[in-house]
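Engineer: I'd like to ask you about the structure that follows.
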Amino acid sequence: MSFLFKDIFFIPLISICTMLFVYRFADPFINFLSKRSLGNKDQVIKYMKLMTGKADEKKITLMMLLMSFGMGSLFFILLWPNITMGLLFGGVITIVGWSLPLILVKMLYEKRCDKFVEQLVDGLTIMSNGIKSQTNVAQTMERVIEIMGNPLRAEFEQVLTQHQLGQSFEEALIDLGTRIPRPDVQMLVTSINILKETGGDLSQTFDSIVYTIRERQKLEKKIQALTAMGRFQGLIVTLIPFVLALVFFIADPSMMMPMFTTTLGLFLLFIMISLQVIGGFLIRKIVTIKV
């Protein structure tokens, strides 16, 4: 009876304390999770609009939630009934997922900008030949659109569309420089806008820009060749532990199973993977030289 009497008072007391705790910290906790999980949404939308001109906010929100809480929940379910490791791996995956969409979208954006600059060499050569045949810049851009592929075609089409809708050609070019923030593009935009006001040989200017871009690309390729061994060594060092683990598992599965079935093994596995990721990232940063 004494135990029952204690439970009658103890259980409601715990319930009241839990209710008060949730009432006091629920809103700040929810706001914190919302800010961390969707805090990069504006940046993701910005890069999506720079690449495609449009962005579906609902789809982006759903994607970001799935890559954070969705993936974290999936790892928690896969590690069930090991709640401790499920919470640990699920929490880490969720935290990583908060920044992963922005990293991926920014990577795609940077790759698109690099491809635009690569295509700009051929595009400016076509424009230079057009200027020499007494056509204006807009007409030479139309010729580039007919010949070249995306993203150069899409960006030049955007410039001409903005100009046809009433925006000045100079402002349309400035918007191009905003969408593709590369020194070579800024050089092109500034050259066209200045020479349209002061007069000058645009074809010679285009040839000079093409020469500058080609020389820089030669230097980048030389640096890539010199750092290729470092990148390869970084890849080998990163993969060795995983290859050895696979070999040991094939040779004697009973020796490796504790790594995946015990709390200590899963914890060491988590530490190992984390250190491998950090080491691979640092090696990549060391051998990446920007010109």
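Engineer: Among the residues of the range 104-137, how many are small (Gly, Ala, Ser) and surrounded by fewer than 15 Cβ atoms within 10 Å (Cβ to Cβ)?
Structural biologist: Adding up the residues that qualify gives 1.
Engineer: Identify, by number, the condition in (1) free of Cβ contacts under 8 Å to residues at least 60 places away in the same chain; (2) touching a helix residue (DSSP H, G or I) at 6+ places or on another chain (Cβ under 8 Å) that residue 105 doesn't meet.
Structural biologist: (1)
Engineer: Ok, one more. Do we find a residue being exposed (fewer than 13 other Cβ atoms within 10 Å of the Cβ), under 30 Å from residue 52 (Cβ atoms) and basic (Lys, Arg) anywhere in the range 203-220?
Structural biologist: yes
Engineer: To continue, here is another question. Please work out which one of (1) at pLDDT below 80; (2) farther than 30 Å from residue 275 by Cβ is the condition residue 118 fails and give its number.
Structural biologist: Tallying (1) at pLDDT below 80; (2) farther than 30 Å from residue 275 by Cβ, residue 118 fails exactly one: (1).
Engineer: While we're looking at this one, here's another question. Under the condition of being touching a residue at least 40 places away in the same chain (Cβ under 8 Å) and more than 25 Å from the chain's Cα centre (by Cα), which residue from the range 214-244 is nearest to residue 114 (Cα to Cα)?
Structural biologist: That would be 214.
Engineer: Here's another thing I want to ask about it. Would you say residue 197 is of a type in the set (D, E, K, R) and surrounded by 14 or more Cβ atoms within 10 Å (Cβ to Cβ)? Before the answer, list the steps.
Structural biologist: On the way: of a type in the set (D, E, K, R): yes; surrounded by 14 or more Cβ atoms within 10 Å (Cβ to Cβ): no.
No.
Engineer: Could you tell me which residue of the range 132-158 is modelled with the lowest pLDDT, considering only residues that are in contact with a helix residue (DSSP H, G or I) (Cβ under 7 Å, 6 or more places away or on another chain) and part of a loop (DSSP other than H, G, I, E, B)?
Structural biologist: 148
Engineer: Looking for whichever is under 30 Å from residue 182 (Cα atoms) and surrounded by 12 or more Cβ atoms within 10 Å (Cβ to Cβ) here; the options are 237, 287. Which one fits?
Structural biologist: Exactly one residue qualifies, and that residue is 287.
Engineer: Output the residue which, of all residues in the range 143-161 that are of a type in the set (D, E, K, R) and surrounded by fewer than 16 Cβ atoms within 10 Å (Cβ to Cβ), is farthest from the chain's Cα centre (by Cα).
Structural biologist: Let us first name the residues in the range 143-161 that are of a type in the set (D, E, K, R), namely 143, 146, 153, 155, 157.
Subsequent filtering for residues that are surrounded by fewer than 16 Cβ atoms within 10 Å (Cβ to Cβ) retains 146, 157.
Working: 146: 31, 157: 25 Å.
Ranking the qualifying residues of the range 143-161, first place goes to 146.
Engineer: Can you name the number of the only condition in (1) among the aliphatic types (A, V, I, L, M); (2) without any contact (Cβ under 8 Å) to a residue 40 or more places away in the chain; (3) not assigned by TED's automatic domain parsing to the domain that holds residue 52 that residue 180 fails?
Structural biologist: (2)
Engineer: Then there is this: Quick check: is even one residue across the range 245-260 of a type outside the set (A, V, I, L, M, F, W, C), in contact (Cβ under 8 Å) with a residue 12 or more places away in the chain and out of contact with any Cys (no Cβ under 7 Å at 6 or more places or on another chain)?
Structural biologist: No, the range 245-260 contains no residue that is of a type outside the set (A, V, I, L, M, F, W, C), in contact (Cβ under 8 Å) with a residue 12 or more places away in the chain and out of contact with any Cys (no Cβ under 7 Å at 6 or more places or on another chain).
Engineer: Among the residues in the range 199-207, are any over 25 Å from residue 109 (Cβ atoms) and β-branched (Val, Ile, Thr)?
Structural biologist: Checked the range 199-207: at least one residue is over 25 Å from residue 109 (Cβ atoms) and β-branched (Val, Ile, Thr).
Engineer: Is it fair to say residue 266 is within 30 Å of residue 284 (Cα to Cα), aliphatic (A, V, I, L, M) and in contact (Cβ under 8 Å) with a residue 24 or more places away in the chain?
Structural biologist: Spelling it out, residue 266 is indeed within 30 Å of residue 284 (Cα to Cα), aliphatic (A, V, I, L, M) and in contact (Cβ under 8 Å) with a residue 24 or more places away in the chain.
The values are calculated or read from the model by the stated rules, or taken from the named source; none is laboratory data. The structure presented is a predicted model; accordingly, all values stated were derived computationally and were not measured. Positions of Cβ are generated from backbone atoms using ideal geometry, with glycine treated the same way; all protein chains shown enter the neighbour counts.
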